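Below you'll find the structure, written out as structure tokens, and then a few comments.
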Amino acid sequence: SIVYDYQQHTWLDRQNILSQSQALNALADAIAVGEQGDDSQRAAAKRWREFLAPKITRIADIVLAEDWRPISTNQAFAIAPLVKSSQLFDEERLFVAALKIADHTIERHQSMWEPYWGGTLDARCEDKEGAWAAMQGFCALYAATEEPQYLMAAVHATVVVLSYLYVWDVPLPPGRLADQAFKTRGWTSVSVQNQHLDVFGVLFTPELWLLSGW
């Protein structure tokens, strides 16, 4: 995370839930896989657990505060790691925090009166990452609860995410990309402000597979 001081081996007081949650979600997934592996993988997973526990607890503390209200959709990135960590640590309080973010996100954004926004680090506008944060979180919640409202919320967020997906090949001007016959199909645009390509189309493919099965 951008607020981890690797020299002091400590996290700074300043919190950036967007970046931290993306990292902690990957870490929670790695722990679940590592604990099913050989001795060295289980040993690594044990150390990762020790690292994850205080960080995800701190995020839960922030979310469960009475005055919590995120500026944008960005803190929806915490839903998935909170859900997964609640299962890893058998800690209901983490799950309650995940539910609080999810229900807030549904109430605030699903009508699209206020679109999903603020999920990127370099723009303050409607963006794919805000919708992706919600999509990922709702998928994790539905996998844990099988509550239809979270499945419908996941579908809604996914439709918004896919509105940023290129389904055609954009004619490119002369340059290196055109020289390599680069195809834009399957790549995603970042936001209405930053319309460059990125690789999130690859990152959210597992959730699309889950949704298709559900």
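By how many nm would the segment from residue 9 to residue 87 grow when fully extended, if each residue of separation counts as 0.36 nm and the alpha-carbon distance is taken off?
25.4 nm
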*Determine the order of 150, 6 by accessible area, beginning with the largest, at a probe radius of 1.4 Å.*
6, 150
*How large is the accessible surface per residue of the chain, computed with a 1.4 Å probe and reported in Å² as a whole number?*
55 Å²
*Express the carbon and sulfur contribution to the solvent-accessible surface of the chain as a percent, rounded to the nearest whole number, probe 1.4 angstrom.*
55 percent
*Could you order 122, 61 by accessible surface area, starting with the largest, using a probe radius of 1.4 Å?*
122, 61
_Crossing angle, helix 17-34 versus the chain [Cα axis fit, 0-90 degrees, rounded to tens]_ = 70 degrees
*Would you mind computing the Rg to Rh ratio of the chain from its alpha-carbon coordinates, Kirkwood style for Rh?*
1.00
*asked:* For a quick check of your reading of the filter: which chymotrypsin sites (Phe, Trp or Tyr not before Pro) in the range 59-125 sit in a DSSP loop and have no more than 12 other Cβ atoms within 10 Å?
replied: 113
*asked:* Are there any trypsin sites (Lys or Arg not before Pro) in the range 93-155 that are in a DSSP loop and have at most 15 other Cβ atoms within 10 Å? List them by number.
replied: 124
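So how strong a dipole does the chain carry about its Cα centre when Lys and Arg Cβ are +1 and Asp and Glu Cβ are -1, to the nearest 20 debye?
340 debye
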*Which of the listed residues, 18, 133, 148, is farthest toward the dipole's positive end in the range 1-152, when Lys, Arg count +1 and Asp, Glu count -1 at the beta-carbon?*
18
*Against the longest alpha carbon principal axis of the chain, how many degrees, from 0 to 90 and to the nearest 10, is the axis of helix 92-109 turned?*
30 degrees
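Local charge sum around residue 190 (other residues, Cβ-Cβ under 13 Å, Lys/Arg +1, Asp/Glu -1)?
Details: positive: 124, 128; negative: 122, 126, 127, 129, 198.
Summing Lys/Arg as +1 and Asp/Glu as -1 gives -3.
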*Treating the angle as unsigned and between 0 and 90°, give the value, to the nearest 10°, between the Cα long axis of helix 39-64 and the longest Cα principal axis of the chain.*
80 degrees
_What distance in nm separates the two pseudo spin-label positions at residue 193 and residue 36, each 7 Å out from Cα along the beta-carbon direction?_
4.0 nm
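The values are calculated or read from the model by the stated rules, or taken from the named source; none is laboratory data. Quick caveat: nothing in here was measured; it's all calculated off a predicted structure. Please note: Cβ atoms are built from the backbone with ideal geometry, for glycine as well, and neighbour counts cover all protein chains shown. All accessible areas refer to the heavy atoms of the entire protein, side chains included, with ligands and DNA or RNA removed. Shrake-Rupley method; radii C 1.70, N 1.55, O 1.52, S 1.80 Å.
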